[in-house]
1. Looking only at the range 65-114, which residues are surrounded by 17 or more Cβ atoms within 10 Å (Cβ to Cβ) and among the small types (Gly, Ala, Ser)?
2. Can you tell me how many residues within the range 140-158 are under 25 Å from Asp82 (Cβ atoms), surrounded by 12 or more Cβ atoms within 10 Å (Cβ to Cβ) and in contact (Cβ under 8 Å) with a residue 40 or more places away in the chain?
3. Quick check, is Lys44 in contact with an Asp or Glu (Cβ under 8 Å, 6 or more places away or on another chain) and more than 22 Å from Ile104 (Cβ to Cβ)?
4. Sort through Lys95, Lys107 and tell me the only one that's closer than 30 Å to Asn189 by Cβ, among the charged types (D, E, K, R) and assigned to a helix (DSSP H, G or I).
5. Looking at Phe166, Phe193 in this structure, which one is in a helix (DSSP H, G or I), under 22 Å from Val108 (Cβ atoms) and either out of contact with any Asp or Glu (no Cβ under 9 Å at 6 or more places or on another chain) or at pLDDT 80 or above (or both)?
6. Name the residue, out of Phe36, Phe74, Phe129, that is under 14 Å from Leu14 (Cβ atoms) and touching a residue at least 60 places away in the same chain (Cβ under 8 Å).
7. Could you please find all residues in the range 160-177 being among the β-branched types (Val, Ile, Thr) and either without any contact (Cβ under 8 Å) to a residue 12 or more places away in the chain or touching a Lys or Arg at 6+ places or on another chain (Cβ under 7 Å) (or both)?
8. Pick out the one residue from Gly101, Gly174 that is part of a helix (DSSP H, G or I), out of contact with any Cys (no Cβ under 8 Å at 6 or more places or on another chain), modelled with pLDDT under 85 and closer than 22 Å to Ile68 by Cα.
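The values are calculated or read from the model by the stated rules, or taken from the named source; none is laboratory data. As the structure is a prediction and not an experimental result, all values here were calculated from the model. Here the Cβ positions follow ideal geometry from the backbone for every residue, glycine too, while neighbour counts run over all protein chains shown.
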Amino acid sequence: MLRDLPKYELFTILIVVGVLFIAIAKAIHPKRFNDFVYVLGNSKYLKIYAKEQKFFDKFDALIFINLILSAAIFTYICLQYDNNNLTPTIDSIFKLTFGIGVFILIKVLLERLIGSLFEIDKLIDQYLFQKISYKNLLGIFLIPINLLLIYTFKPTLTIILIIFIFLILINVLGLITTIKTNLSIIKQNLFYFILYLCALEIAPYIILYKVFIS
């Protein structure tokens, strides 16, 4: 039986907005979008478009908007999964969207800065492009996941953990792809790369976890 629909109107609007930005990205860059959706099983997208990346990439920016909207919805559902009233408020969703967006952008800027300090700019730029591509793909996966959690299934801890494992596996796959692609460069800068992973890939998420738990 479908769950009550009217109280989830805000979720519906945000999902439609996210899909709209994806549609705009596809309309502007149809070939790139077609390559992008197969990035999990084909490294063609990463090899071709990593060379063309800019500091501000219009295609990535459009897909990124969907990512932060979808991530905000999913985060809200996770935080409220044991609450019978999942009705979102504009204030709570805005704070989550703003927080997630700022967190990701600051993290990317710090990663670029550290890449420059360690003189591994080329490695970090390629790594960031691949990581952002996989995260943007996660944003697309989150659209049907959010729809199911909102309108069909009652979110439970088990369901949320399964989804988390799925999302983590995609991120790990992205990291493995990066390591395989840049193995020779990583070997030359192994200490700095490990230091980078610990400082900006592991520590921030541990801090976030503690914040949410508290």
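1. Ser70, Ala71, Ala72, Gly101
2. 10
3. For Lys44, the condition - in contact with an Asp or Glu (Cβ under 8 Å, 6 or more places away or on another chain) and more than 22 Å from Ile104 (Cβ to Cβ) - is met.
4. Checking each option against the conditions leaves just Lys107.
5. Phe193
6. On the way: Phe36 fails: under 14 Å from Leu14 (Cβ atoms); Phe129 fails: under 14 Å from Leu14 (Cβ atoms).
That would be Phe74, the only listed residue that is under 14 Å from Leu14 (Cβ atoms) and touching a residue at least 60 places away in the same chain (Cβ under 8 Å).
7. Ile162, Ile165, Ile168, Val172, Ile176
8. Exactly one residue qualifies, and that residue is Gly174.
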